[in-house]
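Have a look at the structure below before the remarks.
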Amino acid sequence: SQPGTVEIRGVGTFTYDPQAITTLQPQVFAQGRFSAFDVLVHLSVAGQISLVYAYDDTADTYIIQSLNDLEGWWYDARVPGGAFERTALRMDRYPMKDGTSLYVYLEEPARLAAIEAGFREEVALRNEHGGQIIVPIVTIKGPRATTTFENVRVTSHSVRPDLFQPGVITVLDVLL
């Protein structure tokens, strides 16, 4: 696999060897796969950045407390041939595919708080339903019609065994 890159706004651009990265979420990722967050942890262990983070049980994710002594970091990613996506997915669950570029920046506090609040709402809803994933509203917009579904129970179809462990739920599972 080819080297990856990550740009941390105001800090620098770094390359990393995907073979050298291990994941903090082995129950999520297939062997040899890792997340955007794992890249930052790798850079920190290598002494290239200073990263303070903790696992937040209420949000079911790792939260960056500070990066190079600054708080409020978030990320966007770009797959080869694509544009940067404004993400609202857990950084420790976002799979880094070959050639994906990672951009880390200081986010507006209100947006970052809203993303983290969304994570906490997801966890609370999952706990209310005994561990089942229930999506309150799914809207599919087509060229001629819009269809809305309510309280969609989502199960894993394990359609990406190249990236994820069996049983991990992905966005595609919502549609399936």
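The values are calculated or read from the model by the stated rules, or taken from the named source; none is laboratory data. Every value quoted in this text rests on a predicted model; they were computed, and no experiment measured them. Glycine gets a Cβ as well: all are built from the backbone with ideal geometry, and neighbour counts include every protein chain shown. Each accessible area value is taken on the protein alone, full model and side chains, heavy atoms only, with ligands, DNA and RNA left out. Shrake-Rupley method; radii C 1.70, N 1.55, O 1.52, S 1.80 Å.
Figures for the structure shown
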quantity	calculated
Test for Ala114: is it out of contact with any strand residue (DSSP E or B) (no Cβ under 7 Å at 6 or more places or on another chain), small (Gly, Ala, Ser) and over 20 Å from Glu7 (Cβ atoms)	yes
Breaking point among (1) under 21 Å from Glu121 (Cα atoms); (2) at pLDDT below 95; (3) open to solvent by 30 Å² or more (accessible area, probe 1.4 Å), for Thr87	(3)
Any pair with Cβ under 6 angstrom, 6 or more apart, that starts in the stretch 148-176 at a residue that is farther than 16 Å from Gly131 by Cβ and ends at one that is open to solvent by 70 Å² or more (accessible area, probe 1.4 Å) and of a type in the set (Asp, Glu)	none
So Asp38, is it charged (D, E, K, R), open to solvent by 20 Å² or more (accessible area, probe 1.4 Å) and within 16 Å of the chain's Cα centre (by Cα)	no
Filter result (of a type in the set (S, T, N, Q) and either touching a Gly at 6+ places or on another chain (Cβ under 7 Å) or surrounded by fewer than 18 Cβ atoms within 10 Å (Cβ to Cβ) (or both)) within the stretch 49-79	Ser50, Thr58, Gln65, Ser66, Asn68
Selection within the stretch 68-84 - in a strand (DSSP E or B) and within 15 Å of Leu102 (Cα to Cα)	Trp73, Trp74, Tyr75, Asp76, Ala77, Arg78
Hits in the stretch 116-168 (condition: in a loop (DSSP other than H, G, I, E, B), surrounded by 13 or more Cβ atoms within 10 Å (Cβ to Cβ) and basic (Lys, Arg))	Arg160
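Per-residue answers, yes or no, for (1) of a type in the set (Gly, Ala, Ser); (2) in contact with a Pro (Cβ under 6 Å, 6 or more places away or on another chain); (3) on the phi < 0 side of the Ramachandran plot; (4) without any contact (Cβ under 8 Å) to a residue 60 or more places away in the chain:
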position	(1), (2), (3), (4)
Ile63	no, no, yes, yes
Ser66	yes, no, yes, yes
Leu106	no, no, yes, no
Arg111	no, no, yes, yes
Ala114	yes, no, yes, yes
Thr139	no, no, yes, yes
